[in-house]
Amino acid sequence: MTPVKWVYSFLKKYKMKMAAGILMTTGIAALTIVSPYISGIIVDDVIGNGITDLLPVMIACLLSVTLVKGILRYSSQVMFETCSQGVLYNMRDTVYRKLLQEDFNFYNKNRTGDLMSRQTGDMDAIRHFIAYVIYAVYENVLLLSFALLMIFTVNVKLALCMLVVLPFTALTTYKQSSKVRPAFQLIRQQFSSLNTFVQENISGNRVVKAFAREDYEIEKFNRENDAYRDAELNASATWKKYIPVFEFLSNILTVVLMVYGGYMVIQGEITLGNLVTVNGYLWMLTMPLRMAGWWINDIHRFTTSAEKIYNTYKQEPEVMMPGKPVEHKRMDGDVEFRNVCYHAEDADIISDISFKVKQGQTVGIIGSTGSGKSTIMNLLCRFYDVTSGEVLVDGINVKDLDLYELRDNIGMAMQDVFLFSDTIEGNIAYGRPDCSFEQVKKAAKMADANLFIQEMPDGYDTIVGERGVGLSGGQKQRISLARALLKDPAILILDDTTSAVDMETESYIQQQLKNIQRECTIFIIAYRISSIKDADLILVMDKGRIVEQGTHEELSKAGGYYEAAFRHQYGDFRENVTEA
């Protein structure tokens, strides 16, 4: 399917309204030829021959035509605008739904600013094309055709003289079209780049201020802004080259009419009324010629935007819903990794990962930065698909499970805490929006968040800023944990969730997790030994592999990475205890 056909698939729903609008536009173009024709009659018969009885009839006709044209014009524009807004609404909704279906790889490869540009500027270019360009081009083609036809009925030689200009107009239109298309592609590319820069800079404004890099960011913005301006000016240079040609060709018609038409009146080949009539049709010829260049610009703006939106829309996620998913709405929480490997962009992320966890057990995962700890959990949630091996939940391969059912059974407090611009209650209840306030409060208490929430001006109704602005790192982590706990999941994943809280709070949270241990399987990714030392199984990761696994007691005596980390964090605690 081509981008234009894809856009048309949204327009088909409104084809009857569009047809009605086109029909009314045809009526407007047809009625436009009446006024010049009547003007010629008034000059020849009323003024020239003194037939004054015709004057009231002619005036009544002119008023009637003007009234009907006004009604048709208003109705047709309402019709086209309604269709354009309907297409825009449906298209934006469809693209947004597709964006929500995309996987992590899609968002790793596409910049947020580019995606925002697809939903804003590019969508508006399509709306403008449907609301204005379609009927404007159609109407002016009709005006040009009707005007030439009527001039032929007045005098064939005069009409042929005016036809001489049209081949030059067609040639100029073709040349402009070939130049303008790449110019608009560059404009959309630079607009997306500028949009991306602004979005990232505003999101990271606290980092900018913290490092006093305002001047540096202004310089970067100026470069992006200059590039966008240059792209627009480059397109304008094309217009400057061809628009005057269209203006010249349209004005040539006026010269032809005044010189040759006046000569024909003097020679008696046509009447003065005929000249007035042709002069009335003249704007119907010059208007399409003047506007041809602008409409070519609008058409290419539309096709470029349609291509960009469609190319984004047609990207299929690598993680797909199974054709016939295994129905398993409520999971127990048994998890098994069988020889799992994951490669991305020719790099081995994790290799030969195997372990088995029973329902209700707690698994601690520790290792150096970049060792693959979070990747294991991403594979369990099926944010990515394994390259080889199997990830099983309750003995079922996650690739065979319904994606939404799988993730609905998993509660996850992510390493990068994201809070929406909503109330604290709304953020905690995000996974279960239909839950009661008591359930929200219970989850907050388990995450040790209830006290600081109640101390806020509006309590649970306090609006947090974008991404949780106004809250400390520890507060955001506890709200994120409460959000995960409220889901009552079969599997709970805590990805470095307590790194920003004090030891006392961490101890309290661990005690609360023990109370729910029998109900769900818990995975804890952490750098602190204190966060995972009570786990039933501890996995030690290094360079994408499990290098050690066992309990705290077993690993602390093994003399490997875990013992080194334990000594680094606790010093000679054990030796001191022994000496005492």
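Assorted remarks:
- You can think of it this way: the chain between Asp124 and Arg432 has 107.4 nm of extra reach, that is 0.36 nm per residue less the Cα-Cα gap.
- Seen from a random direction on average, the alpha-carbon convex hull of the chain projects onto 37.8 square nanometres.
- Rg/Rh for segment 281-432 stands at 1.26; both radii use Cα atoms, and Rh follows the Kirkwood definition.
- Spacing of the two label points (7 Å from each Cα toward its C-beta) at Lys157 and Lys324, in nm: 8.3
- Accessible area, probe 1.4 Å, largest first, for residues Glu139, Glu247, Glu318: Glu318, Glu247, Glu139
- Segment 324-474: antiparallel DSSP beta bridges as a percent of all, rounded to 5: 95
- Counting DSSP beta bridges with both ends in the chain, the antiparallel % (nearest 5): 50
- Cβ-derived FRET efficiency at R0 60 Å, Trp294 paired with Asp348, nearest 0.05: 0.60
- Take every pair of alpha-carbon atoms less than 8 Å apart whose residues are at least six positions apart; their mean separation over the length of segment 414-571 yields a relative contact order of 21 percent.
- Full extension of the chain between Met287 and Asp502 yields a length gain of 70.0 nm, computed as 0.36 nm times the residue separation minus the alpha carbon distance.
- Listed residues Tyr138, Tyr460, Tyr96, Tyr74 arranged by accessible area, highest first, probe 1.4 Å: Tyr74, Tyr96, Tyr138, Tyr460
- Length added when fully stretched, Glu81-Met58, from 0.36 nm per residue minus Cα-Cα: 4.9 nm
- Label point distance in nm, Ile218-Lys175, each placed 7 Å from Cα along Cα→Cβ: 4.5
- Cα gyration tensor, segment 23-103 - rounded (a/c under 1.5), prolate or oblate: prolate
- Unit charges on C-beta of K, R, D, E only; dipole of the chain, Debye: 2120
- Förster-model FRET efficiency, 25 Å R0, Arg338 and Asp536, C-beta, rounded to 0.05: 0.80
- Reported value for segment 164-252: 81 Å³ per residue, from the convex hull of its C-alpha atoms.
- Pair-distance profile P(r), taking every C-alpha pair of segment 1-57, with 10 angstrom steps and integer %: 20, 24, 18, 15, 12, 10, 1
- Between helix 437-446 and the chain: long-axis angle, C-alpha atoms, 0 to 90°, nearest 10: 50
- In the chain, the DSSP-assigned H stretches of four residues or longer account for a calculated mean residue ellipticity at 222 nm of -19500 deg cm²/dmol, using -39500 (n - 2.57) per stretch and the full residue count as denominator.
- With the largest listed first and rounded to whole Å, the semi-axes of the equivalent ellipsoid of segment 100-164 from the Cα gyration tensor are 51, 11, 8.
- For the chain, averaging the sequence separation of C-alpha pairs within contact (under 8 Å, six or more residues apart) and dividing by the residue count gives a relative contact order of 14 percent.
- Of the residues Leu149, His328, Ala20, the one whose Cα sits farthest towards the positive end of the charge dipole of the chain is Leu149 (charges of +1 on Lys and Arg Cβ, -1 on Asp and Glu Cβ, taken about the Cα centre).
The values are calculated or read from the model by the stated rules, or taken from the named source; none is laboratory data. This structure is a prediction, so every number in the text was calculated from the model and none was measured. Positions of Cβ are generated from backbone atoms using ideal geometry, with glycine treated the same way; all protein chains shown enter the neighbour counts. Protein only, heavy atoms only, side chains kept; ligands, DNA and RNA dropped before computing areas. Shrake-Rupley method; radii C 1.70, N 1.55, O 1.52, S 1.80 Å.
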